[in-house]
Amino acid sequence: MPWPAVAAPGSGPEVTLPAGGGLEAGGGKRQAGSGSAWRLAGWRRSGVWALTAVVLGVHFFLANRVLEQRMGWGSGDKPPPRIDVAFVRELAPAAPPAAAAPAPPPALPARLPALAARAKGAASAPAEAIESAAPAAPAAADTLPALAVADPAPPLPAPPPAETRAVGVAPVASGPAAIAATTTATTTATTTATTTAATAATTTATTTATPPTAAVPPMSAASAARFDWPPSTRMNYRLSGNYRGPIDGKAQVEWLREGGRYQVRMSTSIGPVLSRNISSEGELTDTGLAPRRFDGEQKVLFRAPKRWSLRFGPDRIVLADGRETPTLPGAQDEASQFVQLTWLFTTRPEQLKVGQSIEIPLAVTRSLDRWIYDVVAEEVLEFPFGAVATFHVKPRRQATGGDLSAEIWFAPMLQYLPVRILIRQPPESWVDLTLERPPLQAADAPR
């Protein structure tokens, strides 16, 4: 018996349920129609989500640009462009370059050969030499009277026994008169030999202790003026450390020069999560590097970049927060300090000895302070390209706040370059940079 037609209640259109299998067929048609509608609705929802994502991306990009303009260095304050350099060769280990000016020899050891000459002259000077040298004694004494007062000679030793026997046993005569004559002759000869030997020793000591007139103390600017700055150099490091957990990455330090202008650029990266770039630009002078500006930039994923700058004037330094502070002679920044120490150790290698200390005025983000570095040890470090002998230089003070402190290992056989840098930032963050391959250098620049 067929199903009667039934009108669905409500104000909607009337739905007729056919008899027999019409319900299933009609239901199938309705389900198919519903699926198409759902697919259409899904496409519409996907389009809405895509449009929303695009809008949010545009807003995020614009907001980032605004933050960069407000917090960064704007279009008129960007760091200078990188000096264009082509690196053409690897730096091979070699003997350290000779010092610009050797230190004058100490005066104290010069007395030892003088004493030997004095004893030898007193023992074997013949009578003819004694008589011929006697008139020259007053002239030598008048040459350096202060030397004789400031550095008196020790008492002369007694004449050798052989000389005493030669005088005392001569069988010439006997009796008091002969003894008196022999004693007088012995005393006269001994006194004359003593005077002559003292004169010769004084002359020898004067000649040995007086430094050459061409020698210049290595601390002077004249020594630094003879220093040849190395060509542009690139150093690639492997990075490991701790920053909210173990980290691994890459780092690079570039020393670039063009005429009397220099750049030091240091970049570190830990994948896409964190990157930090600092650069120093200034002039080459007879006393090392003279920075003119320092720029830093740090980027952390999903955060706006953080940027800061320092400006170095002849009398004052403008810090990152805008405050000004009087400058100090030889002041450096975080990037230039590495090359300044290389220059210092090259021109004054006696400073790179265990136990020595070096003071550098260092301008960091919010202050200018005198930093003291101690040469604490000699160490041989292993690198992928071989072992390298180094000197470990460590700052005496620890960094505070957001500042960094750097321990440095310098290699005299690689032009005193820093082959390892350990950077610490309190409380527990640190980054260790170790040289990954030999440094790359450009062609030699004209002097």
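Here is how the numbers come out for the structure above:
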{"quantity": "Accessible-area ranking of Trp229, Trp49, Trp343, largest first, probe 1.4 Å", "calculated": "Trp49, Trp229, Trp343"}
{"quantity": "C-alpha center-to-center spacing [region 286-355, region 400-444] in angstrom", "calculated": "15 Å"}
{"quantity": "Distant-in-sequence amide H partners of Phe383 (H built 1.01 Å from N, under 5 Å)", "calculated": "Val388"}
{"quantity": "Subset of Lys78/Lys250; Lys299/Lys353; Lys250/Lys306; Lys250/Lys353 violating a 28 Å alpha-carbon distance limit", "calculated": "Lys299/Lys353; Lys250/Lys353"}
{"quantity": "Sparse-neighbour loop sites [GluC sites (Glu not before Pro); region 358-447; at most 13 other C-beta within 10 Å; DSSP]", "calculated": "Glu428"}
{"quantity": "Label point 7 Å beyond Cα of Ile83 along Cβ direction - residues of region 281-302 with amide nitrogen under 19 Å", "calculated": "281-296"}
{"quantity": "5 angstrom amide H check on Ile317, placed H, neighbours 5+ away", "calculated": "Thr325, Thr327"}
{"quantity": "Rounded to whole Hz, the Karplus (6.51, -1.76, 1.60) HN-Hα couplings of region 355-362, x for glycine and proline", "calculated": "x, 7, 10, 10, 10, 10, x, 10"}
{"quantity": "Integer Hz, Karplus 6.51/-1.76/1.60 couplings in order for region 382-388, x for Gly and Pro", "calculated": "9, 10, x, 9, x, 8, 9"}
{"quantity": "Coil-residue GluC sites (Glu not before Pro) of region 296-357, DSSP, other Cβ within 10 Å capped at 11", "calculated": "none"}
{"quantity": "For region 267-280, Karplus couplings with θ = phi - 60° (6.51, -1.76, 1.60), whole Hz, Gly/Pro x", "calculated": "10, 10, 8, 10, x, x, 7, 8, 9, 9, 10, 10, 8, 10"}
{"quantity": "Loop trypsin sites (Lys or Arg not before Pro), region 266-369, which have at most 11 other Cβ atoms in a 10 Å radius of their Cβ (DSSP)", "calculated": "Arg303, Arg323, Lys353"}
{"quantity": "Tyr262 accessible area, assembled protein chains, probe 1.4 Å, Å²", "calculated": "0 Å²"}
{"quantity": "Accessible area of Asp321 in the full protein assembly, 1.4 Å probe (Å², nearest 10)", "calculated": "80 Å²"}
{"quantity": "Amide H partners (placed H, <5 Å) of Phe87, local residues excluded", "calculated": "none"}
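The values are calculated or read from the model by the stated rules, or taken from the named source; none is laboratory data. Model, not experiment: these values are computed from the prediction. Here the Cβ is made from the backbone with ideal geometry for all residues, glycine too, and neighbour counts use every protein chain on show. All accessible areas refer to the heavy atoms of the entire protein, side chains included, with ligands and DNA or RNA removed. Shrake-Rupley method; radii C 1.70, N 1.55, O 1.52, S 1.80 Å.
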